[in-house]
Ligand SMILES: Nc1nc2c(ncn2[C@@H]2O[C@H](COP(=O)(O)OP(=O)(O)OP(=O)(O)O)[C@@H](O)[C@H]2O)c(=O)[nH]1
Ligand SMILES: [Mg+2]
């Protein structure tokens, strides 16, 4: 059930892979030619050049050791190598929905990628697992942003610290951390205004928010910065993330809009090149359109 729903949500990405894959195996070809074409398919599906090459180099090695070179066997090895990219040892995957610790999550990213919506969805996941959630509306920059998060708070029936328009966002974070400490919340999720990595004052502002969190929140609390990325931007999104990471630390990615793009392959280059896990995916505009990212289910839904 879960699996078929994911497949449905990733329909466009799956189609992008399927059409090309079936053509590869349609007529008899030399095995090297088959793998070259798989490599090309991966690149065209937004997996990224370096990551596609890595996957196919490993696939070539695997096939040297294996007698069965049928379409099924090759696809199975390919799936395994794609999973290996996503669960590599150097990627720190923390399942914080089920973590038995208090948590403060700062949500960052460029304009319009889906930060506020994703916070609404995340709040539901945390609430469903029995946690007491507080939201902080620290996007005081864009008119309407505070109300937008407030609506998500109401939908989820959770408390929220509302900033005022043009108030220093760091002061909203300050108030929220105080409320979090004083009133026994399990999770604080902070919304921030969209920003580009090259806007120095806005990136400094982010650092200021992080400093306040570090200063006001005890070391026993798990702290995380989640970057939201729009999957429809494909490889540009991966570059955007890379630029952002040069300016600020990020622990995890929330990849949105996977329901409306054929560029879902970008997951692989993000994880492989940035060494940051994709933790959640957004598959629609509604509160329940969120999936905790699972490498195996994801790969099996698209290849
Ligand atoms: N199809 C689809 N749309 C989404 C998804 N996530 C968010 N959106 C839509 O993307 C648009 C922008 O979402 P927001 O949550 O306002 O994005 P934001 O990053 O907070 O935007 P700013 O605060 O202006 O920077 C809205 O129309 C959302 O409904 C998703 O997973 N799938
Ligand atoms: Mg927003």
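Of note:
- FRET efficiency estimate (nearest 0.05) - Cβ-Cβ, residue 49 to residue 29, R0 25 angstrom: 0.65
- Listed from fewest to most Cβ neighbours within 10 Å, the set 178, 257 follows the order 178, 257.
- Residue exposure sequence - 54, 29 - by fewest surrounding Cβ within 10 Å: 29, 54
- Segment residue 201-residue 12, extension gain: residue separation times 0.36 nm, minus the distance between their alpha carbons: 64.2 nm
- Taking every C-alpha pair closer than 8 Å and separated by at least 6 residues, the mean separation divided by the residue count of region 197-303 gives a relative contact order of 22 percent.
- FRET efficiency for the pair residue 147 and residue 178, taken as 1/(1 + (r/R0)^6) with r the Cβ-Cβ distance and R0 = 25 Å, rounds to 0.65.
- All distinct Cα pairs of region 111-172 go into the 1/r average, and the inverse of that average, the Kirkwood radius, is 11.8 Å.
- Length-normalised contact order for the chain - Cα pairs under 8 Å, 6+ apart - percent: 27 percent
- Nearest-ten-degree value, helix 31-44 long axis tilted from longest Cα axis of the chain: 30 degrees
- Between region 250-302 and region 147-182, the Cα center-to-center distance that results, in Å: 27 Å
- When Rg and the Kirkwood radius Rh are both evaluated on Cα atoms of region 189-303, their ratio Rg/Rh stands at 0.98.
- Cα→Cβ-extended label distance, 7 Å offset, between residue 154 and residue 300, nm: 4.1 nm
- Structural descriptor for region 103-250: relative contact order 35 percent, calculated from alpha carbon pairs under 8 angstrom and at least 6 residues apart.
- Convex hull volume of the C-alpha atoms in the chain, normalised per residue: 126 Å³.
- Angle between the chain longest axis and helix 169-182 axis [Cα atoms, degrees, rounded to 10]: 80 degrees
- Going from the fewest other Cβ atoms within 10 Å to the most, the residues 302, 85 appear in the order 85, 302.
- Kirkwood-based shape ratio for region 103-250, expressed as Rg/Rh from alpha carbons: 0.94
- Only helices enter the 222 nm calculation for the chain: every DSSP H run of n ≥ 4 contributes -39,500 (n - 2.57), and dividing by all residues gives -16500 deg cm²/dmol, rounded to 500.
- Calculated FRET value between residue 211 and residue 236, using beta carbons and R₀ = 41 Å, to 0.05: 0.85
Quick note: the coordinates plus some simple rules give every number you see, no bench work behind them. Since we're looking at a predicted model, the values are computed, not measured. Methodologically, a virtual Cβ is constructed for each residue, glycine included, from the backbone with ideal geometry; neighbour enumeration extends over all protein chains shown.
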